[in-house]
Structures are given as C-alpha cells and as structure tokens.
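Beneath this line is the structure, given in structure tokens, with notes to follow.
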Amino acid sequence: MKTPDLASGTSLAIDVKKRLGRFALDADISLPAQGVSALFGASGSGKTSLLRLIAGLDRPDAGRIALGERTLANVENKTFVPPNRRRIGVVFQEPRLFPHYRVRKNLAYGMPASARPRFDTVVGLLGIKPLLERMPGTLSGGEAQRVSIGRALLTDPELLLMDEPLSGLDGARKRELLQFIRRLVDEINIPVVYVSHDPAEITAIADHLTVLENGRILASDTLENVLLRVDLTEQLGGFDAASTLSARVTGHDADYGLTELAVDGERRLSVPLYDAPVGTRLRIRIPARDVALAVKPPEGTSYRNRLAARIEALIPLPGDNTALEAVLSLGDQRLRARLTRKSRDDMALAEGQSVTALIRSVAFDTRWHRD
Amino acid sequence: MLSAAEWDAIQLSLRIALSAVGWILLPGIAVAWLLARREFPGKALLDGVVHLPLVLPPVVIGYLLLVSMGRRGVIGQWLYDVAGIALPFTWQGAAVASGVMAFPLFVRAVRLSLEAVDPKLEAAAYTLGASRWRIFLTVTLPLSLPGLVTGTMLAFARALSEFGATITFASNIPGETRTLPLALYSLIQTPGQEAAAARLCVISVIIAMISLVASEWLARNARRRMSERDGKGAAA
C-alpha cells in the first residue's frame, strides 16, 4: 500500500518542470496505477498544470512522464506523445460537450471499435440512457458531466484524469456523482487522477493523496498516511483529522439497531445498524476528536466501543500548544486521537504505553464495498 | 422578355461570381484559421495583405493582377508555359479578379466565427483521440457554420458587383468578361441606350435583392438551429 504499484510497471511516473509566467511547477512523483489518486492544493498550487502535463495539453520544460512502460514525454530525447495518442481520458471542470452533436454522438466521438461492446454498460452505469437522443444544450449540469465522464471512459483510456469535475454542481448532485465515480473506479477498474481543492470530496473518494503548494509537492502517499502527517496541519486544515480502518461485518442486532464489526481478530466495534451482509469488508472513518483514551479499561461508561491500543507516537500540533495528537496502533492498523496537553500530563501518557481507546462515533466510507 | 445580350451578361455574372466564391473558399478558410488560431512571424503582414483589396482602389488591384498574372507577369508567364492558361481577357480572369476583391470580406467573416469557437472544445476533442484535422472538420468547422454562410454570401455579393479590377485585368469583352456592371457601364457610355441601361439596372436590383433575401434566410436558419439547442437548454 505504501509505495505505488511499481511491480506491475503500470504506475504513472512524473518528474517535470514547467514555467508558466511567474509560476513554476516542479514535481517528482509516482502515482499508483490503481484506485483514485487525488491532487490537492489551493488554487494556484499547480494541480491543474500538472494534470495538463499528464494529458499532453502542455509540454514540460524539462523532465519526463511515463505511464507504465510507455514514455509519454521526455524532454531530453525530444519524445512527446500528443494528447490524442496518449490513451488518457480527461474530464474537465466544465463538461465540454460538443453542442452540435446529440448525447449519443458525443459519447461515441472518441470510441474505438474495441470499446463498442462496453457502450451499454457505461451508459447504464452512468444512468444516461434516457439522455442519448438529447442535445447537450438541454442537459442539466449533473447530466452533462455524467455524459462527459462516459465520453472519456468510452475512449478506452488507460488512465482517467478528472479536473475538479464536481465544482459546478450543488451538494446533492455532487454526492450522487461522487458515488458514480467511485463505482466506476471499482467496477471498471481504471486508475483515476482526481484534482480537487475540496477536502470532503477527497476523503470521500481518494485512495492516494498528493498535496501541492506553490508548484511543489509537499506529500504524496496513501490518503491515510498523508492525513497522519501532523506537519501538514496547516495545508490539510480543511480535512477533519480522522483515521480510516478496515473492518468486516460480523453480525446485526435488529432489536437494538446495531451492527457488529470486527476490526481484526480481537477488536470489535458496534455501530448503528448498517445494511450490508455479514462478511462485507468496509472502510470506516473515525474522527480524531471522537477518540478518547483511558489508561485502563473503564467501568460503567456509555462508550460502547473500546479498543485495546498501544501509543505509537505523541505528536504536538503545530500552531496549537494546548493539544496534541496520539497515533495508536491497533494491531497493524492505526488510529488517531486528539487530546489536550493537560490530559497527557495528568495521565502521564508516554509512547509505547498500552491504553484503551474509547470511540464515540464511526462513519462509513461507502466507497469500499468490495467482496 | 430579355435580350440575348442581357442573358449573356446575367449568366456571365453568375458564373464568374460563383467561380470566384468557389476558388476563395478553401484558401479563405485556411487563411482565416491561421489568423484566428495561430501565432507566427509575419502574421500582421499576412493580415495586411489580405485586407489590401478592401482599402486599395479596385483599379490598382486590377493593375497589380495584370502585372503579375498577365502574359508577361511572373505568375502569368509560368501559368501560360506550364498549363497553357492565359487569364487576362478571359472569364476565368474575371473570376480571379472578383475573387481577390471578395477575399478579405470572406476571411473577416470566417475568422470572426472561428474565433468564437471555444478552444476548450477543441482541447477536449484532442484528448478524445481526434487528430488536428478531424478536430477541425468535426468541431471547429461545424461550429463556425453561421459565419461561413455569411462570409460566402458577402463574397458572392461582392464578386457580383465587381467592376474596377475586372475591367482593368479582364477587360470588357461581350460574352466573355462583360458582366452586368460592365454591360451597364457600356450602355451608359453609348448615346441613345438609356432605356436598355435602365432595364439592366432593374435586373441588377432584382438579382441583388434575391441574393440578399437568400443570405438572410440561410443565416437565420443556421442561427436558429444553434439557438434552438441553447434555448431548449435554458428552458429545461
């Protein structure tokens, strides 16, 4: 999980420099060839510039870009594959549908014969079958963006780039389309590079996170690992400090309205009834603020969820000397907890110590419904 | 109803104007595209040269054509030696002269409509695997259709009314280069032909009106097809 999938040789390796006026982009990263890799940063951080370089819409001043074995650009030996031969689909901020073609013809615009059998599947997945004979001018924003996602998918790309595809949509449409995108990734199994400045979108969709600032890469790792980077608190301020755990559904209690989850062999959680069959693997999110620590297992508390844990690290929060964050290890998973400096001193917490983590709330990551 | 000479002039006028529009179509679109979409050294110069016929007296253009494309001109001599084509004093020469005069009007109209096509759509087509040529044919050109129609009609009207460059380069030969304006001019120069001149004048007005109405209709049709699509979107 930690390093991109180098073994299969299909990761996206980028090492480029690009100057645009007074702005300079200097990026050296490798993105996994699986799941959703988010590029996150404030506007002007260079995330869209990076995306345009990957798509081939701009040429790097120096460096190279390779998708697996395939060199897409290499300034040194003057290799440059133009966008139309990169096999990379792009979904832009605006749908960019061709106004003079019906939806059906828009979808088929870049479709090779090999993708024709998938037409119905993609159309069905995106729920755009009723729109096929409409003109793009008659579509709503969400409909148009779905068509544009379908149009990019039907070119049979090896990689899909999305440049803030939800920015023009309202809350409900946004959630709906996020779910669509996540389903696509899981069902069609195509790697996605997703540009966004919205922490909520990224936590809902990304597996891998790259943080950009002023044209430089601050971090590039799995979402969990980057969100654990306390030194990036300022840049990641919009993200709720939270940990992601994987768990399995082990049973339901309809009477109390509870679902039992197993985090691993010995650690159990009970959460509000969640409609998923026993055995389903889920990803759950636990906000760091909703985790309390006890030195020994407490008696008579309403915290139903207690997990045995060991303190792996106690990290001061930059810019806030009243609080700190504890990184707990639960077997091979990690859990973050926020506590005050006073609590730490009163409880005499130290790294390596065994504690009990009390968990107040659990949120589900609907994107992980595998197996 | 019409005399043989009048018929000649009308047919000749239409043939010359249509040929003129025909030959400027492709180079005109190419030049308009270069001016609208490309940055290159000498762009301002090209822009200036294209517009010369609009600002120079037509007689000057006719003279320049004679110098370059006449039997002794650089291009003219080559054309005659290689292809056996002589342009001066032929209806083809008149078509060249009318085309040159109509060229800037056509280029201006097409350039404006090309500039109105959103380059973002072209970029999207590029990422969808389309070649530059396919992008031009399937996105750029169809979306600039209204301007193309307008430009064609403007060029046709301009070619139909061409006088100065034509009479200088192709002369005023009945049945060969005597178009409506030239025929009218000849009649006015001839004493006692006032009635015939008036008839030609009326014919000219009728042809102009027909092409004006036709152009309005075509342009409105093209615009309506576009706005219908947008309009439905606004309603939905």
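Laboratory data are not the source of any read-out in this text; all were calculated from the coordinates shown. Remember, it's a predicted structure, so these values are computed and weren't measured experimentally. Don't worry about glycine lacking a Cβ; one is built from the backbone with ideal geometry, like all the others, and counts go over all protein chains shown.
Quick rundown of the values:
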read-out: For segment A:247-253, 3J(HN,Hα) per residue [Karplus equation, 6.51 cos²θ - 1.76 cosθ + 1.60, θ = phi - 60°, Hz, x = Gly/Pro]; value: 8, 10, 6, 10, x, 10, 10
read-out: Size of electric dipole in the protein assembly as shown: Cβ of Lys, Arg +1 and of Asp, Glu -1, about Cα centre, debye, nearest 20; value: 920 debye
read-out: Segment A:106-174 and segment A:303-330: distance between their alpha carbon centers, rounded to Å; value: 43 Å
read-out: Sequence of A:234, B:39, A:213, A:164 once ranked by neighbouring C-beta atoms within 10 Å, starting from the fewest; value: B:39, A:234, A:213, A:164
read-out: Positive-pole candidate from B:104, B:187, B:73, dipole of chain B, charges at beta carbon; value: B:104
read-out: In order through segment A:66-73: 3J(HN,Hα) via Karplus (6.51 cos²θ - 1.76 cosθ + 1.60), integer Hz, x for Gly, Pro; value: 9, 10, x, 7, 8, 7, 9, 7
read-out: Ranking of A:100, A:208 by count of other Cβ atoms within 10 Å, fewest first; value: A:100, A:208
read-out: Relative contact order (%) - chain A, alpha-carbon pairs under 8 angstrom, separation at least six; value: 15 percent
read-out: With Cα atoms, 0 to 90° folded angle of helix A:171-188 axis to chain A main axis; value: 80 degrees
read-out: Using θ = phi - 60° and Karplus 6.51 cos²θ - 1.76 cosθ + 1.60, couplings along segment A:332-348 (whole Hz; Gly, Pro as x); value: 9, 10, 10, 9, 9, 9, 9, 8, 7, 4, 4, 4, 4, 5, 4, 8, 6
read-out: Charge dipole (debye, nearest 20) of chain B; +1 at Cβ of Lys and Arg, -1 at Cβ of Asp and Glu; value: 620 debye
read-out: Euclidean distance between Cα centres, segment A:16-41 to segment B:86-136, Å; value: 39 Å
read-out: For A:90-101, mean number of other protein chain Cβ atoms within 10 Å; value: 5
read-out: Convex hull volume per residue in cubic angstrom - Cα atoms of the protein assembly as shown; value: 215 Å³
read-out: Mean separation of Cα contacts under 8 Å (6+ apart) over length of chain B, as relative contact order %; value: 28 percent
read-out: Furthest towards positive pole of dipole, A:324, A:251, A:302, structure part segment A:242-365, Cβ charges; value: A:324
read-out: Selection from B:117, B:83, B:40, by position along the positive dipole direction of chain B (Cβ); value: B:117
read-out: Relative exposure of A:336, B:72, judged by other C-beta atoms within 10 Å (fewest first); value: B:72, A:336
read-out: Distance between segment A:248-301 and segment A:208-241 - C-alpha centres, whole angstrom; value: 28 Å
read-out: Estimated dipole of segment B:113-229 in Debye, rounded to 20 [Cβ of Lys and Arg +1, of Asp and Glu -1, Cα centre]; value: 400 debye
